[in-house]
Amino acid sequence: MRALRKYIAFIFEPIYVNTAGVCNNFKWEIMNGIHALGPGTAVPARTVSVADVVKVALFLASGSLSPSATAAYAVTSEVGNSGSYAAGGSTVTMANQPTLFTNTGTWNPSASNSWTSFTAAAFDTALFYNSSQSNKAIVLANFGSQTINNGTFTITPPTSGAATSLIQLT
């Protein structure tokens with residue numbers, strides 16, 4: 001009888017199926033500034049309900065920007081002032097909130113950025129950066145080397161989606 005009780009207890013043992021990983025909501029909440037992880041002066045106080053100002057600037061193909069080496073906007077290897085383009089680029093329209101697609105937190109600008117009467121040779125990278133937070137770098141977009149002579153250059157945001165948005169956190 002004792003062996004039977006032990007056998008029955010074993011059969012009804014609960015089965016645990018927990019899985020480790022970053023929580024899905026955290027991925028878009030961090031883009032909304034909900035979380036400030038860690039103590040100290042490096043954690044900004046997020047008490048306002050207005051989105052930060054994001055800008056986009058263009059950089060020459062000869063530059064050395066990379067996700068691991070670019071921490072903030074700097075004028076080094078930025079295209080020169082031309083037509084409607086000025087150092088620092090232009091403000092990004094921020095009507096879209098970060099979105100969660102199943103397990104991918106995403107963000108996209110809500111409108112294109114254009115520069116008219118623009119002349120530049122061999123530029124290939126756009127840096128999106130947060131001018132409200134010490135010009136901290138957000139994302140680099142590479143679109144292949146371009147040369148424009150007194151024309152219009154436009155950056156059009158991609159379609160919003162888990163595999164297509166400008167920023168995708170999985």
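The values are calculated or read from the model by the stated rules, or taken from the named source; none is laboratory data. Because the structure is predicted, anything quoted here is derived from the model rather than measured. Heads up, the Cβs are rebuilt from the backbone with ideal geometry, glycines too, and the neighbour counts pull from every protein chain shown.
Observations on the model:
- Filtered by the rule that a residue be crowded, with 16+ Cβ neighbours inside 10 Å and over 15 Å from the mean Cα position of the chain (by Cα), segment 64-73 gives a lone residue, LEU65.
- Checked against the criterion of being within 15 Å of VAL79 (Cα to Cα), surrounded by 15 or more Cβ atoms within 10 Å (Cβ to Cβ) and within 13 Å of the chain's Cα centre (by Cα), the candidates ALA120, ALA126, ALA137 yield just one match: ALA126.
- Complete set of residues in segment 50-64 that are free of Cβ contacts under 8 Å to residues at least 40 places away in the same chain and not β-branched (Val, Ile, Thr): SER64
Conditions tested, residue by residue: (1) touching a Lys or Arg at 6+ places or on another chain (Cβ under 8 Å); (2) in a strand (DSSP E or B); (3) of a type in the set (Lys, Arg).
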{"position": "TYR129", "(1), (2), (3)": "yes, yes, no"}
{"position": "GLN133", "(1), (2), (3)": "no, no, no"}
{"position": "LEU140", "(1), (2), (3)": "no, yes, no"}
{"position": "GLN146", "(1), (2), (3)": "no, yes, no"}
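- Cβ-Cβ under 6 Å pairs, at least 6 apart or on other chains, segment 145-160 side at negative phi and surrounded by 13 or more Cβ atoms within 10 Å (Cβ to Cβ), far side assigned to a strand (DSSP E or B) and of a type in the set (S, T, N, Q): ILE155/ASN113
- In segment 83-93, the residues that are at negative phi and buried (at least 16 other Cβ atoms within 10 Å of the Cβ): TYR85, SER90, VAL92
- Total residues in segment 117-135, condition modelled with pLDDT under 90 and among the hydrophobic types (A, V, I, L, M, F, W, C): 0
- The condition of being in contact with a Gly (Cβ under 8 Å, 6 or more places away or on another chain) and among the small types (Gly, Ala, Ser) holds for only one of SER134, SER117, that being SER117.
- Verdict on THR106 being surrounded by fewer than 18 Cβ atoms within 10 Å (Cβ to Cβ), in a strand (DSSP E or B), in contact (Cβ under 8 Å) with a residue 24 or more places away in the chain and touching a Ser or Thr at 6+ places or on another chain (Cβ under 8 Å): no
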